[in-house]
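J.: Below is one structure. I have some questions about it.
The values are calculated or read from the model by the stated rules, or taken from the named source; none is laboratory data. Source: prediction; values computed, not measured. For neighbour counting, all protein chains shown are included, and Cβ atoms are generated from backbone atoms with ideal geometry for every residue, glycine included.
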């Protein structure tokens, strides 16, 4: 091959690499635009704190950028990003749990937000108390039941998306969500009947 053809071939290869890099960057940018809200909601559902959810969202997209070369082979980008977000948030949650202990009992000083000026204070208090009870009951569920329940009810992901996120099959997702709801109903009924 002559020197002129080698230079042209080399330039074509470099141009192809540059184009592929731009295409990958465009794909990642589109992922961020499309799924940043989903990633934040997943992180918030796990972490329950705004700043931690923001940090987890950023860390998720750093990982997406790091593993961007796999993006072309991904069938469902939403599920792929959701899986990464879930793992990042769960890892962050586990690290935080090791660093601090969270009391499960209320200290009698609830911090409440008034929903609307027309809502009676007793209804606001009752709603806050029920919300806390439900959160505690959900937190007490085994991980394998709690995780699909959170993704199904709070994040409103489909069973297929949850299956892809958690690495289980759709039948297991449906079964676990059903069982988690059944346990919550039973425990709520026990609380109501014990009063």
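J.: Are there any pairs, at least 6 apart or on different chains, whose C-beta atoms fall under 9 Å, with the first in the stretch 23-42 and touching a residue at least 40 places away in the same chain (Cβ under 8 Å) and the second surrounded by 12 or more Cβ atoms within 10 Å (Cβ to Cβ) and not in a helix (DSSP H, G or I), and if so, which?
T.: 38/155; 38/157; 41/155; 42/155; 42/157
Okay, residues lined up against (1) assigned to a helix (DSSP H, G or I); (2) at pLDDT 90 or above; (3) more than 12 Å from the chain's Cα centre (by Cα):
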site: 18; (1), (2), (3): yes, no, yes
site: 29; (1), (2), (3): yes, no, yes
site: 45; (1), (2), (3): yes, no, no
site: 53; (1), (2), (3): yes, yes, no
site: 71; (1), (2), (3): yes, no, yes
site: 75; (1), (2), (3): no, no, yes
site: 97; (1), (2), (3): yes, no, yes
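J.: Would you check if residue 128 is outside the structural domain of residue 23 (by TED's automatic domain parsing), surrounded by 13 or more Cβ atoms within 10 Å (Cβ to Cβ) and modelled with pLDDT of 55 or more?
T.: Yes, satisfied.
Per-residue answers, yes or no, for (1) assigned by TED's automatic domain parsing to the domain that holds residue 164; (2) modelled with pLDDT under 90; (3) touching a helix residue (DSSP H, G or I) at 6+ places or on another chain (Cβ under 9 Å):
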position: 37; (1), (2), (3): no, no, no
position: 67; (1), (2), (3): no, yes, yes
position: 94; (1), (2), (3): no, yes, no
position: 115; (1), (2), (3): yes, yes, yes
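J.: Another question about this same structure. Do we find that residue 164 is modelled with pLDDT under 90, farther than 19 Å from residue 48 by Cβ and not assigned by TED's automatic domain parsing to the domain that holds residue 30 in this structure?
T.: The answer is yes for residue 164.
J.: Then there's this: Scan the stretch 153-173 residue by residue and report those that are touching a helix residue (DSSP H, G or I) at 6+ places or on another chain (Cβ under 6 Å) and either more than 21 Å from residue 75 (Cβ to Cβ) or outside any helix (DSSP H, G or I) (or both).
T.: Listed by number, the residues that qualify are 154, 155, 157, 169.
Residue-wise test of (1) under 18 Å from the mean Cα position of the chain (by Cα); (2) in the same structural domain as residue 44 (by TED's automatic domain parsing); (3) closer than 16 Å to residue 83 by Cα; (4) surrounded by 13 or more Cβ atoms within 10 Å (Cβ to Cβ).
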position: 138; (1), (2), (3), (4): yes, no, no, yes
position: 143; (1), (2), (3), (4): yes, no, yes, no
position: 148; (1), (2), (3), (4): yes, no, yes, yes
position: 153; (1), (2), (3), (4): yes, no, no, yes
position: 157; (1), (2), (3), (4): yes, no, yes, yes
position: 172; (1), (2), (3), (4): no, no, no, yes
position: 181; (1), (2), (3), (4): no, no, no, yes
position: 194; (1), (2), (3), (4): no, no, no, no
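J.: Could we say that residue 84 is at pLDDT below 50 and either part of a helix (DSSP H, G or I) or closer than 24 Å to residue 59 by Cβ (or both) here?
T.: no
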